[in-house]
Amino acid sequence: MNLPVSLGLIKFGRQFLGLVLLSVVLFSTLTACAIPRVTAEQRIFLDLSLDFLDAYPLPKLTYEGTPVGGLSAIAYDRTRDRFYALSDDGGEKTPARFYTLNLTVSPANSSKLGIQKVEVTGVTLLKQEDGNPYPKGAINPEGIALSPQQSVFVASEGNTGQGIQPFINEFDLQTGEWRQSLPLPKRYLTDATADTPQGVPNNLGFESLTIGSGSSPLEPFRVFAATEVPLLQDQDAADSSPPPLPANKNRFLHYLIQDGPPLLISEHLYPMDNGPQGSFNHGLTEMLSLDQGGHFLALERSFGLKGFGARIFQISTGGATDTAEIASLKGNVDGIAPIRKKLLLDLSQLNIPLDNLEGMTIGPRLPDGTQSLLLVSDDNFNPKQTTQFLLFRLNVKS
């Protein structure tokens, strides 16, 4: 053996091993310190929080001969800085309609950000294909969403007890004239000839409606809708006779609006929470698209022995199973990946009286430059209830 050569190899080996150990230490240090660890939840959801700012009760009033009430949905028009609020009056008092509202927030130098005033500035009647207003009982309007093509989409729960089917229609923003209807799969429609009950339960159909953010007038855009409670054929035996409704298997629809007929892209299972203890009913009353990556806010509202309650969730559709070809969600659904959800705020923690909250929209920038979120309640035209506006700051961390 050549001793000098062997000693050289040993020295080289020690130097190489030292470099390897140093690399391992440096990599571990970078991994632990320089590169933040991201949990699975952080990859699924946005980093959001809500700050409650104010509650504003709208006095009982009439506008152009119509009673302002039953506000079940609201949308914000950023280009015109105004809101559109849908009344759920299906012709019982006056024909189906939505209102134009101006909302004034206190100035930046105020000691507290809040709503100073809500003013009704216009009313628009919704019209059928023949150009006439909807007759009494022919529409049960519950959801509204502003599109980039000078129109609003309106969801109607229908009146299945009288054979009136639900629908999602598009109307002209200025005139209220009908433009088109979105196709609904037959499983959402009642069928008296079917062997087993199917379709949306009476007065518990489409409450939630939203349009994908970031849309421009020249591009296709997305419309999303969801049922307030599960379809009749999706309800298990324990929850087949409402109330209560702890079924949890709501349906979520995803449409593409483009040149040519609207296209139903997919459908997913929305896992609705059970209502709080002592609640008589519980439902999904609104959704709000946050971005083009499948992130939404969802509003679940309950009513029971303790009055009204509401929770806001963040939801993510990424990775959810397409349930469009699944006739019934009854029974075991372990093989179906549902929409993911995360509680953002339980409004009972605000320690204020809550009314029948059904509408939610992204609002204008607040005077301090942050983003607002607005909720509105449906007073059911009940003198003992209130049309309540709740103002929040929506914090989004990048």
inquiry  = Below 25 Å, Cα to Cα, which lysines can K330 reach? Residues fewer than 8 away in the same chain don't count.
reply    = K186, K249, K341, K342
key: Zero-based 5 Å bins, Cα pair distances in the stretch 242-398, whole percents   = 2, 8, 15, 19, 18, 16, 12, 8, 3, 1, 0
For q = 0.13, 0.16, 0.27, 0.32 Å⁻¹, Debye-computed log10 I/I(0) when each Cα of the stretch 75-124 counts as one equal scatterer = -0.41, -0.56, -1.00, -1.13
task = At a Cα cut-off below 20 Å, give the lysines reachable from K93, other chains included and same-chain residues fewer than 8 away excluded.
result = K60, K127, K136, K384
note = Note on the stretch 84-241: contact order normalised by length, alpha-carbon pairs under 8 Å, 6 or more apart, percent, works out to 17
inquiry  = Tell me the carbon and sulfur percent of the accessible area for the stretch 37-138, rounded to whole percent, probe radius 1.4 Å.
reply    = 47
message = Report the Cα-based extents of the stretch 316-394 along its three principal axes, largest first, to the nearest Å.
response = 45, 37, 23
request  = Could I have the simple spin-label model distance between F280 and N382, label points 7 Å from Cα toward Cβ, reported in nm to one decimal?
outcome  = 0.7
key: Share of Cα-Cα pairs in the stretch 38-106 lying beyond 15 Å, as whole percent   = 68
request  = Over the alpha-carbon set of the stretch 58-167, divide Rg by the Kirkwood Rh and report the Rg/Rh ratio to two decimals.
outcome  = 1.03
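The values are calculated or read from the model by the stated rules, or taken from the named source; none is laboratory data. As the structure is a prediction and not an experimental result, all values here were calculated from the model. Cβ: placed from backbone, ideal geometry, glycine included. Neighbour counts: every protein chain shown. Each accessible area value is taken on the protein alone, full model and side chains, heavy atoms only, with ligands, DNA and RNA left out. Shrake-Rupley method; radii C 1.70, N 1.55, O 1.52, S 1.80 Å.
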